[in-house]
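The structure appears below as structure tokens.
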Amino acid sequence: MATLAVPCSDEDVADPNAVKVVTALDGRALYFSRATIPFDRDKSGLAAYRKHLGIYAYRKAALERFASLPPSPLERTEQLEQLRLLENGIGLYVADAPRDTIGVDTEEDLVRAAKALERQA
């Protein structure tokens with residue numbers, strides 16, 4: 001399975017509605033969280049925060065396996081379905097998207113999306 005991410009804007013870093021992702025050097029997802037990850041303990045400013053876009057690519061067999069698995073403990077804790085994959089050892093690779101999108105999950109998101117559409121009209 002694969003998914004997309006973009007650099008996280010300053011306003012999204014601490015926003016729990018913007019899901020962050022940390023990857024291994026080969027692009028494999030290590031963890032997704034609503035919290036700010038990685039945690040910049042020493043305030044070095046070197047943390048490269050990435051925002052998950054929630055767009056997936058998968059083979060039919062992978063989707064069937066995912067659907068057959070019960071929700072996992074981390075998935076229930078963070079309310080992030082992709083953690084079910086990671087907890088069950090299913091690789092999820094993260095590619096860079098060319099630009100951010102507006103996910104419409106909250107009323108605030110709906111307002112932002114409407115404004116963006118108005119600017120394009």
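List of remarks:
- Scanning region 50-70 finds no residues that are in a loop (DSSP other than H, G, I, E, B) and among the small types (Gly, Ala, Ser).
- In region 64-97, residue surrounded by the fewest Cβ atoms within 10 Å (Cβ to Cβ) [restricted to those that are under 28 Å from residue 10 (Cβ atoms) and of a type in the set (Val, Ile, Thr)]: 77
- Exclusive hit being under 15 Å from the mean Cα position of the chain (by Cα), surrounded by fewer than 13 Cβ atoms within 10 Å (Cβ to Cβ) and part of a loop (DSSP other than H, G, I, E, B), set 105, 100, 26, 42: 105
- Residues of region 1-15 that turn out to be in a helix (DSSP H, G or I) and either open to solvent by less than 50 Å² (accessible area, probe 1.4 Å) or of a type in the set (A, V, I, L, M) (or both), as a count: 2
- Residues located in region 38-52, provided they are at pLDDT 95 or above and either of a type in the set (A, V, I, L, M, F, W, C) or under 18 Å from residue 2 (Cα atoms) (or both): 50, 51, 52
Yes or no, residue by residue, for (1) farther than 18 Å from residue 18 by Cα; (2) of a type in the set (A, V, I, L, M); (3) in contact (Cβ under 8 Å) with a residue 40 or more places away in the chain:
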| position | (1), (2), (3) |
| --- | --- |
| 54 | no, no, yes |
| 61 | yes, yes, no |
| 67 | yes, yes, no |
| 106 | no, no, yes |
| 112 | no, no, no |
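- Condition met for residue 10 (free of Cβ contacts under 8 Å to residues at least 40 places away in the same chain and within 22 Å of residue 116 (Cβ to Cβ)): yes
The values are calculated or read from the model by the stated rules, or taken from the named source; none is laboratory data. Not measured: the values here are computed from a predicted model. Don't worry about glycine lacking a Cβ; one is built from the backbone with ideal geometry, like all the others, and counts go over all protein chains shown. Heads up: the accessible areas ignore ligands, DNA and RNA and are worked out on the full protein's heavy atoms, side chains in. Shrake-Rupley method; radii C 1.70, N 1.55, O 1.52, S 1.80 Å.
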